[in-house]
Each structure stands twice: as structure tokens, then as C-alpha cells.
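Worksheet: the structure to be examined is printed underneath.
Coordinate-derived values only; no laboratory data. The model shown is predicted, which means the values in this text are computed figures rather than measured ones. Using ideal geometry, Cβ is built from the backbone for each residue, glycine included, and neighbour counts are taken over all protein chains shown.
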């Protein structure tokens, strides 16, 4: 979903590193488990990453399929599901145009992954693909942060902490930092990343590029692409979405 000329950061070249940098919160996992219990299976996760949600669902007996285009993520997801002794159908595919030949009662897109859909055309293609795979009385759930204007306005020269982890192979500490700049015309936030391993030099580590989706904008895009907002929460505890909410938790159904 990124420009082919953009260097891919190391965070997407290793599923193990990704999991170390972004441990999945228990409250978020509980939210997805509760939705699965409510809407049933079969279940489809798009941009499934390393299976942080799909595998716990499979452990509870749900029939789960995970789609992602990043081979390192899928490789780690497959390794983890085999270690857990569960079966998940892992599919390498682009969320804008894949065809699994079946419909699902519950489809979800978690962890701000919608921000990898950088253009309106990308989002519309993804929503059309979801609609083709969603059962007529199924539900599609999405979570994404509310863009923070103070963070978007940070000057490019200001270096920010991004995350750190202990390298599973070398045992050395790896520290990631980033600079960022925001293009208000495209609503894309560019995050050049830098990596320092142990006491070594700070080196470029690709770029994380994300589209910002503001609440009313996303509501409209959802509606005009054939979905209705059944629920919109501000937290995994299903608190109502309001001006203080930092996250958008959507539960959608097909219109008409």
C-alpha cells in the first residue's frame, strides 16, 4: 500500500520484531473476542499481520482466515499458529482486490491498519472488496485513532521516540526514532525512521507512511461506499464516541 520507491522499514521485514515493538493490548483483544462471540463465524481479518487477533480467535474454535500482503508477517503468523496447535487459513493478498470465493459473517480491520490505505481510491477498493465478502447480515469492524493536530504539526526537525526492543538474535537493544511531516493536502503523515543497534551509529530505517482519517470524513466515506454505521465507540469498553475519544471503533453493516 506504499509507494514502490519508499524504503520499507525493518519493522515490516520481521514479524518477530513487529510483535516486540507492538504488543497487542489485552483490552483490544477482549474487544475483538466479544465481537466474534456476538457475530459468529466464519471470520475474516484483513491486514492480519502476525495473527495477534486471528490466532486467539482460532484457539476459541472460530473458523478464521487472515489476509495480508507482507510475507514476513504471514510467515510469523503461520509459525505462531502452528506452535499454538490451531488452524488458520493465511492468504497473501492485497486488501484492495482479493477474491476468496466465500462470504463471512464477521470481517475486521484492526490496529489502525486502515491508515495504510493512502488514497480515497485505495479505501474505496478495500471497502468494495469487503462488501463482496461480507454476508448480507454480517458485520465489518474497523478501529483507527483520531488524528491529533498537535502531533501532526510537530516540526520536521524534532526527533521523536518511536519504540525500542531487544533483538531476539543478538540480544542487543534496538532504539527507533523518527522525524515526521504532515501533508495537509493529501492528509498523509510521513515518518522517516532511524535505528540504533546497541552503541552503534544512528542509521536510516525506511519510512512509515500513514493516511489520517478524521471522524466525520470517515463516517461519510463509509456511508457513500455502501455501509451504515451501526455502532461507533470511543474505547474497547464500548463507551460512546465523543470529542474526548482518542480512538474510533466502528461496527458497520451493509446498507440496503
In the Gaussian network model of the chain, springs joining C-alpha atoms below 10 Å, which of 148, 110, 235 carries the largest mean-square fluctuation?
148
Residue 159 label point, 7 Å along Cα→Cβ, cut-off 17 Å on backbone N: hits in region 190-226?
191-207
Can you bin region 116-256 into rounded, prolate or oblate? Criterion: square roots of the alpha carbon gyration tensor eigenvalues sorted a ≥ b ≥ c, rounded for a/c under 1.5, prolate for a/b above b/c, oblate for the rest.
prolate
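Among 214, 98, what is the fewest-to-most ranking by other Cβ atoms within 10 Å? Could you put the intermediate results ahead of the total?
Numbers: 214 13, 98 16.
Ranked by crowding around the Cβ, least crowded first: 214, 98.
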Once fully extended, how much extra length lies between residue 172 and residue 59, figured as 0.36 nm per residue of separation less the alpha-carbon to alpha-carbon distance?
37.4 nm
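Please list 55-62, 225-232 highest first by mean number of surrounding beta-carbon atoms within 10 Å per residue. Please list the in-between numbers first.
Working: 55-62: 17.5, 225-232: 15.6.
Per-residue Cβ counts within 10 Å, averaged per peptide and sorted highest first, yield 55-62, 225-232.
Expressed in nm to one decimal, what extension gain is obtained for the pair residue 230 and residue 254 from 0.36 nm per residue of sequence separation less their Cα-Cα distance? Each step should come with its number before you reach the end.
Numbers: separation 24, 0.36 × 24 = 8.64 nm, distance 0.96 nm.
Separation in residues times 0.36 nm, less the Cα-Cα distance, equals 7.7 nm.
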For region 149-211, what are the per-bin percents of Cα-Cα distances with bins 5 Å wide, up to the bin holding the maximum?
4, 18, 24, 21, 14, 10, 6, 3, 0
So the label point goes 7 Å from the Cα of residue 33 along Cα→C-beta, right? Which residues of region 54-69 then have their backbone N under 17 Å from it?
54-64
From the square roots a ≥ b ≥ c of the eigenvalues of the alpha-carbon gyration tensor of the chain, which class results: rounded (a/c under 1.5), prolate (a/b over b/c), or oblate?
oblate
Expected unfolding gain across residue 214-residue 124 under the 0.36 nm per residue rule, minus the alpha-carbon gap, is 30.8 nm
Going by the alpha-carbon gyration tensor, a ≥ b ≥ c the square roots of its eigenvalues, is region 1-130 rounded (a/c under 1.5) or, if a/c is not under 1.5, prolate (a/b greater than b/c) versus oblate?
oblate
